[in-house]
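Structure record follows, encoded as C-alpha cells.
The values are calculated or read from the model by the stated rules, or taken from the named source; none is laboratory data. The structure displayed is predicted, hence computed values, not measured ones. In this analysis, Cβ positions are derived from the backbone assuming ideal geometry, glycine residues included, and neighbour counts consider all displayed protein chains.
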Amino acid sequence: MKINLEKKKEIVNKQNFTYRQKVSKNKKNIFKSIIKELKTTSKKMYWKSSFNISYFYKSSIFSILKKDIKINKISILIPTRERALKFERFVSSIIENTQNIKRCEILVLIDDDDPEKNNYFKLIDKVKKEVDIKIYNQNLSSHAKRNNFLAKESSGQILFPANDDMIFVTKNWDYLLDLEFSKNLKNKPFCVWVNSGNKYPYLFCHFPIINRHWYNTLGYVGCELFNFWYLDTWICDLAKRSNQFIYSSKIKFKEFNAQANIEELDNTYLRNIADNKLEKDIEIWEKSIYQRINEAKKLKKAL
C-alpha cells in the first residue's frame, strides 16, 4: 500500500500527539513543567558524571594491568519485515565499516508471510561470500521474542540486538567494541552503550550491546512482557541499576527513525504503532519496576 506524504505526516503527527498526551498527563501548569525539567536536568548531570567516572575507572585499571584486548565473536541479531531495501543498506554499512568481518555473524529473522521474502533471500545470496549470514523463518508475536529466538541460535560472545532502520558509521567499530568489553575485568555480565545519536546519551541508548554472560544470567535479550517497544530501554535500565555498563562515544551508529524522518515511514512502522501498542507498553513499563529491580540484582550478583 503506497502512502502519500500528507498521509504520512498525519499518521506521525497523530502518533506523536498521542504519545505526548500520555507522558505529559501530569504537566497541568507551568510550575509542574519547571519541576519536571529540573528533575530531568538533575538526572542528566548525575548519569553523565556516573558514566564518565565509570569509563575513567575501567579504562585506567585496564591500562594499569596492561591486559590484552580480547577478540570476540559478534552476533548481530536483526528481526526485519517488509524492509528489504533498508536491510540492504544495513548490511552494506556492516561490510564497509567492519575491520574483521569474518568474526561477525548476522542472524536474520523474517515472517513466513513476509511479501518481500524473496528479496531478502536474493540479497543474502549476494553477500553470503563476504559475511556469515543466516536467515530464519518464524512467526513470532513480538520484537523481544524475535530477538530471543535469534539469541538462542547465536554463538558469539557479544550479542548486538540491532534494527533494520540503522547503519554502522564508525570504521573498525568491532575493534573498538572489543576494547570496551575487554575493560570488563571481572568476567561478569556487561553492557556497552554506544553513540546512537541520542540527544541525551547518558539517559538512554538506542542500541545497547550485551555480552554472553548477561544473556546467560537472565536467559533473554529482550523482556517478553511488552507488545513491541522497550527492548533497549529495559536493557539500559538494568545496566544502570546493576552498574554493569560503560558508555563509548567513539562507536557511532545512525538510526533512520520514522518519527524524525517521514520518508522512512512504511507499513512495518505503521503496524508496530497500531492497536495502541505504545500506550499499552508504557503502562507495562510503569508497572514493571520491581521486576527490573530484581533482574538487575541478578546481574550484579552474577559470577
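Structure above, values below:
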| quantity | calculated |
| --- | --- |
| Candidate set from region 151-184 (those that are more than 15 Å from the chain's Cα centre (by Cα) and aromatic (F, W, Y)); member that is nearest to I235 (Cα to Cα) | F181 |
| Test set (1) modelled with pLDDT under 95; (2) part of a helix (DSSP H, G or I); (3) under 16 Å from the mean Cα position of the chain (by Cα) - L238 fails condition number | (1) |
| Test: residue in region 197-205 that is at pLDDT below 95, under 24 Å from I71 (Cβ atoms) and not in a loop (DSSP other than H, G, I, E, B) | no |
| Restricting region 150-169 to residues that are touching a strand residue (DSSP E or B) at 6+ places or on another chain (Cβ under 8 Å) and part of a helix (DSSP H, G or I), the residue that is nearest to F90 (Cα to Cα) | L150 |
| The one condition in (1) at pLDDT below 95; (2) surrounded by 15 or more Cβ atoms within 10 Å (Cβ to Cβ); (3) basic (K, R) that K70 fails to fulfil | (2) |
| Tally of residues being free of Cβ contacts under 8 Å to residues at least 40 places away in the same chain and more than 18 Å from D125 (Cβ to Cβ) across region 60-106 | 5 |
| Residue list for region 219-245, filter: touching a residue at least 40 places away in the same chain (Cβ under 8 Å) and over 21 Å from E286 (Cβ atoms) | V221, N243, Q244, F245 |
| Qualifying residue in region 208-228 (condition: within 15 Å of the chain's Cα centre (by Cα), under 21 Å from G156 (Cα atoms) and at pLDDT below 95) | no |
| Residues of region 134-149 classified as farther than 17 Å from T268 by Cβ and crowded, with 20+ Cβ neighbours inside 10 Å, total | 1 |
| Residue satisfying condition, being closer than 21 Å to R83 by Cβ, in contact with a Leu (Cβ under 9 Å, 6 or more places away or on another chain) and modelled with pLDDT under 95, within set A258, A274 | A258 |
| Residue in region 287-297 that is farther than 24 Å from D174 by Cα, modelled with pLDDT of 95 or more, surrounded by 14 or more Cβ atoms within 10 Å (Cβ to Cβ) and touching a Ser or Thr at 6+ places or on another chain (Cβ under 7 Å) present | yes |
